[in-house]
1. Could you pull out the residue among D34, D10, D53 that is open to solvent by 40 Å² or more (accessible area, probe 1.4 Å) and either at pLDDT 80 or above or of a type in the set (D, E, K, R) (or both)?
2. Would you confirm whether any residue within the range 125-137 is open to solvent by less than 10 Å² (accessible area, probe 1.4 Å) and not in a loop (DSSP other than H, G, I, E, B)?
3. Yes or no: the range 186-193 includes at least one residue that is crowded, with 16+ Cβ neighbours inside 10 Å, farther than 18 Å from A11 by Cα and modelled with pLDDT under 95.
4. Tell me, please, whether a residue that is of a type in the set (A, V, I, L, M, F, W, C), farther than 18 Å from L12 by Cβ and crowded, with 16+ Cβ neighbours inside 10 Å can be found in the range 156-164.
5. Residues of the range 93-124 being out of contact with any helix residue (DSSP H, G or I) (no Cβ under 9 Å at 6 or more places or on another chain) and open to solvent by 40 Å² or more (accessible area, probe 1.4 Å), which ones?
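The values are calculated or read from the model by the stated rules, or taken from the named source; none is laboratory data. The structure presented is a predicted model; accordingly, all values stated were derived computationally and were not measured. All Cβ positions, glycine included, derive from the backbone under ideal geometry; neighbour counts span all protein chains shown. Note: areas computed on protein heavy atoms with side chains; ligands, DNA, RNA excluded. Shrake-Rupley method; radii C 1.70, N 1.55, O 1.52, S 1.80 Å.
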Amino acid sequence: KGSGGLPELDALDLTMAASEGLWAAHANNIVHRDIKPENIMIPYLAKGSTEFDLKRAKLMDLGLARSEDTQQSLTGAQAAMGTPGYMAPEQAMDAKSADKRSDVFSMGATLYALLTGRAPFKGETVMKVLMATMHEPHEPIVKARPDICPAINEVIEKCLAKKQEHRYPDARQLLNALTDCRALLTGAGGAGALSAG
């Protein structure tokens, strides 16, 4: 749809399912540090089916994850940063500074990519992508997807804030906001969570 992205409900269902897994990690003070579309596994609806079950998608690859309590990488890979275009500005500068809000940034970047077909930050080289992430504004998603629900745009903008304190504090708050977006899209009524966190 649009410029290569998914329909809004499909993108929301995928992001919500992945955010549930991220919340389980955050509840145990685990920071993922490498959230991106490629790290979301989507199962089939049933054995032998060719249709995907978006609501049962799982967040995979904890290879860069670390405990917030001990500041230690779960794999010992302290030098690894994450994926350019999806990692938060503070993570691009210093991988050890990544926290739950850094994961929220990456989940917002992932939702952006699911809706547009590309990451919110780009460049001709890895360094240019990192510099853009740290210092330049992303292209508003409404430019690529003018049909997007204003509530989804609001969530993405909050996730992609340069400063950590301007984002949702963790995956639980992000999931509340995404749930609100889905309710608005389906006419189920909102829960008022968009301003939470």
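1. D10
2. yes
3. Yes - at least one qualifying residue is present in the range 186-193.
4. Looking for residues that are of a type in the set (A, V, I, L, M, F, W, C), farther than 18 Å from L12 by Cβ and crowded, with 16+ Cβ neighbours inside 10 Å, one finds at least one in the range 156-164, hence yes.
5. D94, K96, E124
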